[in-house]
1. Limited to region 342-364, what total is found for residues that are buried (at least 20 other Cβ atoms within 10 Å of the Cβ) and of a type in the set (Gly, Ala, Ser)?
2. When you go through (1) at pLDDT 95 or above; (2) over 19 Å from the mean Cα position of the chain (by Cα) one by one for LYS303, which number turns out not to apply?
3. Just a yes or no: is a residue in region 404-412 more than 21 Å from GLY39 (Cβ to Cβ) and free of Cβ contacts under 8 Å to residues at least 60 places away in the same chain?
4. Considering only residues that are at pLDDT 90 or above, outside any strand (DSSP E or B) and either surrounded by 15 or more Cβ atoms within 10 Å (Cβ to Cβ) or aromatic (Phe, Trp, Tyr) (or both), which ones fall in region 152-208?
5. Filter region 54-94 down to the residues that are modelled with pLDDT under 90, of a type in the set (Gly, Ala, Ser) and within 15 Å of the chain's Cα centre (by Cα), then identify the one that is farthest from TYR302 (Cα to Cα).
6. Evaluate region 395-404: report whether one residue or more is in contact with a helix residue (DSSP H, G or I) (Cβ under 8 Å, 6 or more places away or on another chain), surrounded by fewer than 20 Cβ atoms within 10 Å (Cβ to Cβ) and in a strand (DSSP E or B).
7. Given the structure, is LYS407 modelled with pLDDT of 90 or more and either surrounded by fewer than 18 Cβ atoms within 10 Å (Cβ to Cβ) or touching a Phe, Trp or Tyr at 6+ places or on another chain (Cβ under 8 Å) (or both)?
8. Pick out the one residue from SER137, SER143, SER125 that is under 28 Å from PRO291 (Cβ atoms), over 20 Å from the mean Cα position of the chain (by Cα), of a type in the set (S, T, N, Q) and modelled with pLDDT under 75.
Amino acid sequence: MKFLRFSFVLLFYLGTSSAQSPHNTGLYGLFFDHTDAAGFALGNTGLLPSHNSRISIANPTTWSELKFALLSIHYNTGEIRYEEENYLAGFGILSNAVFIVPIKNKYSFGLGIKPLTRRKFHVESNKIQSVVFDNDSLLLTKSIEGTGGISSFYSAFSWRFSHENTLALQLDFLFGTFDEFTSSRLFEDNPETVPPVVYQRHFEFNIKLLSLYFSSRSLLDQHNLMMYALFQLPVGSQSLKEIDHPPFADTGLDGIPGTGDFGEGDGIHTPGELPYLENVEEKTLTHRNFPFPVTVSGGMTYKMGGKTIIGFEFLSRIFSKGSGEFLNSVSTNLYNGNRISMSLLREAKQGSRQLTQRLHYRIGIFRHQHYISSRQKPLIQNGIGFGIGIPFGLFQNQIDIGFRFSKKDGFLTDDPEFVREVTIGLSLGDIWLVKGKRR
């Protein structure tokens, strides 16, 4: 079928571009806490139902509520702005692609791919460092550039073991790399004639995560409440490979220092062309004692009456005591992160002839304290999200659009970072693998 061929291609496509931000310099970079457009509009992480009042694309315990197999694809884009520095950067990335198959309204399974972190940044140091070389004191300036991140290929299975309760297991295979380039230049040299010396580090990840989801509607009939929970932890053998490359001189394009693209070979000379770097060799390290968080999340929804649902969600990201200093590009303190949100969903009225009643309406607010800090200044993000869902067709098809405005304060910068984002999602249903259905 054309639908299945189209689904297969899109399921394994993953966008990679993201905006440069100094907040990505710590450890793994900032975690993506949103995957689908509906949860994005509600300001939560997707643990609570957001696709409609019963289903969340990001929570496998709700998938058995689907009547048809579903392919759901979501793309996130936006811009980062600093008012004082007059800086603006755009970004775009596929935030989730998942294929879900419900079975007899009791089981479900799904396969998907999504980003977990992104680590793209460019930081210029405003300090001048003094070093002694060959009995001579030299003044150096530095800049650090990073690119890459971690993504996840995941599979999930859910089981409704009673009329009111559902369990789900999800296994994430994390993969990804990131590169870091530290460029040093003599302060008194003319940048147009003297090339900077660049030191490159390359990281490769091999991590697996196991997630246990639980949902209960035992309080739905009497108190209009639904409960949701998540417990996630790293499992099995974990490894992180670090490759430290020999320093090289960035002679740039057409002989202009510092104008070449790192890693692409244009105008970049080998260490042998710099006499004092000839004996430096590549070094490979394998780290097994590094921190990766255990995540605990919980939430509830309350049906206020009619088609209106209010939701509360809390998430805590707890790190182990392992050292991760070798991952930091700048001095960073590691803390446990937490996130809290409150949302309001107005579900569409099926069969209505009025266009305004045939849409889902979503709005939410959140506060997120990220897991990194510097100079006793944690990175805190506050924001608001809103959006709509547009159901169409016979197979639970839906277009979702979510907008989010947020502000980040703390960590490395004195000026707040303003983020404007939009996520667009397309969910297409089909009767493939649904027993008893006929075209």
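The values are calculated or read from the model by the stated rules, or taken from the named source; none is laboratory data. All values derive from a computational prediction rather than experimental measurement. Glycine gets a Cβ as well: all are built from the backbone with ideal geometry, and neighbour counts include every protein chain shown.
1. Initial filter on region 342-364 (buried (at least 20 other Cβ atoms within 10 Å of the Cβ)): 343, 345, 347-348, 360, 362, 364.
If we keep only those that are of a type in the set (Gly, Ala, Ser) too, we end up with 343, 348, 364.
Final tally of qualifying residues: 3.
2. Evaluating LYS303 over (1) at pLDDT 95 or above; (2) over 19 Å from the mean Cα position of the chain (by Cα) leaves (1) as the failure.
3. Going residue by residue through region 404-412, those that are more than 21 Å from GLY39 (Cβ to Cβ) are 409-412.
Of the ones still in play, those that are also free of Cβ contacts under 8 Å to residues at least 60 places away in the same chain are 409-410.
Yes, the conditions are met somewhere in region 404-412.
4. Answer for region 152-208, where residues must be at pLDDT 90 or above, outside any strand (DSSP E or B) and either surrounded by 15 or more Cβ atoms within 10 Å (Cβ to Cβ) or aromatic (Phe, Trp, Tyr) (or both): ARG160, PHE161.
5. Looking at the filtered set, the residue picked out is GLY92.
6. Quick first cut of region 395-404, residues in contact with a helix residue (DSSP H, G or I) (Cβ under 8 Å, 6 or more places away or on another chain) only: 400-404.
So of that shortlist, the ones also surrounded by fewer than 20 Cβ atoms within 10 Å (Cβ to Cβ) come out as 401, 403.
Now drop any that are not in a strand (DSSP E or B), which leaves 401, 403.
The answer is yes, given that some residue of region 395-404 is in contact with a helix residue (DSSP H, G or I) (Cβ under 8 Å, 6 or more places away or on another chain), surrounded by fewer than 20 Cβ atoms within 10 Å (Cβ to Cβ) and in a strand (DSSP E or B).
7. It is true that LYS407 is modelled with pLDDT of 90 or more and either surrounded by fewer than 18 Cβ atoms within 10 Å (Cβ to Cβ) or touching a Phe, Trp or Tyr at 6+ places or on another chain (Cβ under 8 Å) (or both).
8. Result: SER125 is the single residue among SER137, SER143, SER125 that is under 28 Å from PRO291 (Cβ atoms), over 20 Å from the mean Cα position of the chain (by Cα), of a type in the set (S, T, N, Q) and modelled with pLDDT under 75.
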